[in-house]
Amino acid sequence: MRLAEIFERVVGPDAPIRFTAYDGSSAGDPNSDVTLHVRTPVAINHLAGSPNALGLTRAYVSGHLELEGDMYDVLRRMADFTFAEGVNVSVRDIVDIVRSVGWVKFVNRVAPPPQEMQRTTLLGRGPRHSKQRDAEVIHHHYDVSNDFYALVLGPSMTYTCAVFDDADGGLDRVGAFDGALESAQSRKYDLVSRKLGLETGMTLLDVGCGWGGMVRHAAREHGVRAIGVTLSKEQAEWGAKRIAQEGLSELAEIRHMDYRDVPDGSFDRISSIGLTEHIGSRNLDAYFASLHDKLVPGGRLLNHCITRPRNDLKPMKTKGVINRYVFPDGELEGPARIQTAMNDNGFEIRHQENLREHYALTLRHWGANLERHWDEAVAEVGAGTARVWRLYMAGCVLGFERDVVQLHQILGVKQDGTASRMPLRPDF
């Protein structure tokens, strides 16, 4: 049995993509603008060992399988036919497939590509979400290369969901490289600032500050004394240089440290933009209690994080692609779980909103940036890592569009007695 026949038995004869293989066989739509090409037998080893998205990722990242065409379209069409009703494989089909492929493909395990985080690496760093292990996880994802991130993120160097208006949010602006993404990232920082009610002379702590975008915005636009903390040494060094270049050193600072080591009781406002995903479900209460302790009475916290669409879903898929290749130990909660943890640890909840569609757009812009600078990206981090990012960002666009994941901002207040110090009608 040739590989094209196996493909048809698994996914059906009407798949809306073109399939080709090293044995010369082909299947699917011959006129499709997207193609799945099995380059070598090693790809079959990967798929036989993990006949799911993880096996596909291993084969693609290692270069033994090609996904040709627009990556978003490839994944969208594959998701449509893979999960479509009526695609069934009988026991006889499985026997025929195994006989054709060969038992050796199922017995011989091929080592995953080096971009995959190995469990043994993390086990040597202590229990999940300990300081040492968190530092290793952050290093794995964020210390790839500042130059690589600049290619993908653009001038704002902001690796969190942007906020688009109708003009910037048109799909025709994706790939135009006309400033829509940078405008939307500035709008996000402005939205966070308005929710926090930043005013000149206040102190702000930005936990998980990345390259310091929020810190610089708060200092430059609002005259706030802003301190950011990150576990990424490369982020801290880059952010410190940018602060100096912009002449903000008297107001802005980035520290290479764990948020848990920041002193308590000294901040008027706290922003947590994209950090909660790394905290861990069992640590949420301690996390928000810690942030509550760091605020003065009347202080505010704006928590911005990726969430699950329901609260009864597992926070982590340990064998999933995202956990293995992108965010090891990352855990996503439903919005009610986040809000409950904030509420139960002293915060009065004042506002919540879902920016799911905005993150899908943000990822589209990042993906367009990567494609525009593909050769530079490969030269900077290697083909395997660049492939991880191409696959990951396109898959996440699909995830946000199809409500597999969401993005919530939740505003909480540390009451001053029983006073919230919030305006009767906020302007955000």
- If you place +1 on the Cβ of every Lys and Arg, -1 on the Cβ of every Asp and Glu, and leave all else neutral, what size is the dipole of the chain about its Cα centre, to the nearest 20 Debye? 1180
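Only four residue types carry charge here, +1 at the Cβ of Lys and Arg and -1 at the Cβ of Asp and Glu. Report the dipole size of region 227-266 about the Cα centre in Debye, rounded to the nearest 20.
On the way: 5 positive and 8 negative charges, 24 e Å.
Dipole of region 227-266, to the nearest 20 debye: 120 debye.
Dividing the Cα convex hull volume of region 183-329 by residue count, how many Å³ per residue is that? Each step should come with its number before you reach the end.
Values: hull volume 19.1 nm³, N = 147.
In region 183-329, the Cα convex hull volume per residue is 130 Å³.
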- Net charge (Lys, Arg +1; Asp, Glu -1) of residues whose beta-carbon lies under 13 Å from that of residue 421, residue 421 excluded, is 0
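Kindly report the accessible area of region 354-428 per residue (heavy atoms of protein chains, probe 1.4 Å, no ligands, DNA or RNA), in Å².
Values: 3250 Å² over 75 residues.
On a per-residue basis, 43 Å².
Which shape class, rounded, prolate or oblate, goes with region 211-291 when its Cα gyration tensor gives a ≥ b ≥ c as root eigenvalues, a/c under 1.5 marks rounded, and past that a/b bigger than b/c marks prolate? It would help to have the intermediate numbers written out before the result.
Numbers: a/c = 2.29, a/b = 1.62, b/c = 1.41.
Prolate is the answer for region 211-291, as a/c is 1.5 or above and a/b outweighs b/c.
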- Note on the structure: In the chain, taking the dipole from +1 charges on Lys and Arg beta carbons and -1 charges on Asp and Glu beta carbons about the Cα centre, the listed residue (21, 167, 177) farthest towards the positive end is 21
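Could you work out the relative contact order of the chain, using alpha carbon pairs under 8 angstrom and six or more residues apart, expressed as a whole percent? Show your work: numbers first, answer last.
Details: 764 pairs, mean separation 66.1, N = 428.
Relative CO of the chain lands at 15 percent.
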- To the nearest Å, what is the center-to-center distance of region 11-44 and region 244-292, using C-alpha atoms only? 48
- Acute angle (nearest 10 degrees) that the helix 284-294 long axis makes with the longest principal axis of the chain, alpha-carbon atoms: 30
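Report the rotationally averaged projected area of region 301-428 based on its alpha-carbon convex hull, in square nanometres.
Numbers: hull surface 40.0 nm².
That works out to 10.0 nm², a quarter of the Cα hull's surface.
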- Note on the structure: Where a ≥ b ≥ c are root eigenvalues of the Cα gyration tensor, a/c under 1.5 meaning rounded, otherwise prolate if a/b exceeds b/c and oblate otherwise, region 370-428 counts as prolate
- Setting aside same-chain residues fewer than 8 positions from residue 131, which lysines have a Cα under 16 Å from its Cα? 233
- Message: Can you give me the angle between helix 233-245 and the longest principal axis of the chain, using Cα atoms only, in degrees from 0 to 90, rounded to the nearest 10?
- Response: 50
- Rounded to 10°, Cα long-axis angle of helix 71-82 versus longest principal axis of the chain: 60
- Message: Rounded to whole Å, give me the distance from the Cα center of region 119-182 to that of region 218-236.
- Response: 16
- Compactness of region 1-57 - radius of gyration and Dmax, Cα, Å: 10.9, 31
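What's the carbon and sulfur percent of region 183-250's accessible surface, probe 1.4 angstrom, rounded to a whole number? Please list the in-between numbers first.
Numbers: 1120 of 2480 Å².
Using a 1.4 Å probe with all protein chains present, region 183-250 comes out at 45 percent carbon and sulfur.
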- Message: Could you give the length gained by full extension between residue 310 and residue 73, i.e. 0.36 nm per residue of separation minus their alpha carbon distance, to one decimal place?
- Response: 82.7 nm
- Exposed-loop-free span, longest in the chain, where GluC sites (Glu not before Pro) count as exposed if DSSP calls them loop and at most 12 other C-beta atoms lie within 10 Å: 251-428
- So what's the net charge close to residue 306: Lys and Arg +1, Asp and Glu -1, counting the other residues with Cβ under 11 Å from its Cβ? -1
- Query: Is region 262-356 best put as rounded, prolate or oblate by its Cα gyration tensor, with a ≥ b ≥ c the root eigenvalues, rounded for a/c under 1.5, and otherwise prolate when a/b is larger than b/c, oblate when not?
  - Reply: prolate
- Task: Count charges around residue 251 for me, please; just the other residues with Cβ under 15 Å from its Cβ, Lys/Arg as +1, Asp/Glu as -1.
- Result: -1
- Query: For the charge dipole of the chain, defined by +1 on Lys and Arg C-beta atoms and -1 on Asp and Glu C-beta atoms about the Cα centroid, which residue among 423, 204, 192 has the Cα displaced farthest towards the positive pole?
  - Reply: 204
- (1) 23.3, 75; (2) 21.2, 61; (3) 21.6, 68, with the label sought being that of the calculated Rg and Dmax of the Cα atoms in Å: (1)
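Work out the length of the dipole vector of region 360-428 about its Cα centre, built from +1 on the beta-carbon of each Lys and Arg and -1 on the beta-carbon of each Asp and Glu, and round it to the nearest 20 debye.
Around 240 debye, computed over region 360-428.
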- Note on the structure: Counting only protein heavy atoms and rolling a 1.4 Å probe, one gets per residue an accessible area for region 12-84 in Å² of 41
- When the helices in the chain are scored as -39500 (n - 2.57) per DSSP H run of 4 or longer and the sum is shared across all residues, what 222 nm value do you end up with, to the nearest 500 deg cm²/dmol? -13000 deg cm²/dmol
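If you roll a 1.4 Å probe over region 282-383 with all protein chains in place, what percent of the accessible area is carbon or sulfur? Walk me through the numbers before you get to the answer.
Working: 2000 of 4280 Å².
On region 282-383, the fraction of accessible area on carbon and sulfur atoms equals 47 percent.
The values are calculated or read from the model by the stated rules, or taken from the named source; none is laboratory data. Small disclaimer: the values here were computed from a predicted structure and weren't measured. Counting neighbours? That spans all protein chains shown, and the Cβs are built from the backbone with ideal geometry, glycine included. SASA here: full protein model, heavy atoms, side chains in, ligands and nucleic acids out. Shrake-Rupley method; radii C 1.70, N 1.55, O 1.52, S 1.80 Å.
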